[in-house]
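Below are the structure tokens for one structure; questions will follow.
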Amino acid sequence: MIRNVLCKRLPIRLVVFDADKTLWDNPNASSLELPFKRVGEDSLVDARGNRLNLFSGIRELLQVLRSEGIVLALATWNKPEQIKEALRILELEPFFRYVAAEFHPRKHLLLRKILKNLSDEGTHLKPEEILYVDDRDIHLKDIRKTVGRVAFLQMWKDVTHPNEILSYVKNTNLKNPSG
């Protein structure tokens, strides 16, 4: 069952993803050693042979969301070098308008940076137009305190497959059309 805040929802215009255990199976991309090598459409190995696999359906989810005009961003507590290289190797860079990868747990600051960057580009968003997807909810309190009442889906608890994220966005946007 999908948990969400009890407030008026607006159409989702921005989806912010976590990386580790949300987009891919590796629990800590910062522990991977460069260089990376692609070993399949959705897999890479690091210099020590450790593997990172994109979860089934993630690439398709990103493609559909982007084609629907949804802005995609990444907010991850990881070393930027590993994240940028993983996204490059797996050819995921074009999906994300903004990547906030910093080696600290303060995701609310990462979301604030994403929103400032988008605002500077002319995309102004209300908290109710943002969906945050993470495998853990430990950052949610600070995000809502700093950013506002964003929608939240906890990967593997609220949703068990990427298609459910797409269904949530489509249902929210059908019930609350813009303009």
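Does the stretch 48-60 include one or more residues that are in a loop (DSSP other than H, G, I, E, B) and crowded, with 19+ Cβ neighbours inside 10 Å?
No, the stretch 48-60 contains no residue that is in a loop (DSSP other than H, G, I, E, B) and crowded, with 19+ Cβ neighbours inside 10 Å.
Exactly one of (1) in contact (Cβ under 8 Å) with a residue 24 or more places away in the chain; (2) out of contact with any Ser or Thr (no Cβ under 7 Å at 6 or more places or on another chain); (3) not in a helix (DSSP H, G or I) is unmet by Leu118. Its number?
With respect to (1) in contact (Cβ under 8 Å) with a residue 24 or more places away in the chain; (2) out of contact with any Ser or Thr (no Cβ under 7 Å at 6 or more places or on another chain); (3) not in a helix (DSSP H, G or I), Leu118 is out only on (3).
Right, next: Residues of the stretch 10-47 being part of a strand (DSSP E or B) and either touching a Gly at 6+ places or on another chain (Cβ under 9 Å) or over 30 Å from Pro177 (Cβ atoms) (or both), which ones?
Selection gives Asp20, Trp24, Lys37, Arg38, Val39, Gly40, Ser43, Leu44, Val45.
Okay, next question. Which condition from (1) touching a helix residue (DSSP H, G or I) at 6+ places or on another chain (Cβ under 6 Å); (2) among the polar types (S, T, N, Q); (3) in a loop (DSSP other than H, G, I, E, B) is the one that Gln82 breaks?
So the condition that Gln82 fails would be (3).
Ok, one more. Return yes or no: is His139 in contact with a helix residue (DSSP H, G or I) (Cβ under 6 Å, 6 or more places away or on another chain), at pLDDT 95 or above and more than 29 Å from Pro35 (Cα to Cα)?
Yes; evaluated as a whole, the condition is true for this residue.
I need the full set of residues from the stretch 128-167 which are under 11 Å from Leu61 (Cβ atoms) and in a helix (DSSP H, G or I), in order please.
Residues satisfying the conditions are Pro162, Asn163, Glu164, Ile165, Leu166, Ser167.
The values are calculated or read from the model by the stated rules, or taken from the named source; none is laboratory data. Everything quoted here is computed from the prediction, not taken from an experiment. Cβ sites come from the backbone with ideal geometry, for glycine too, and all protein chains shown count toward neighbours.
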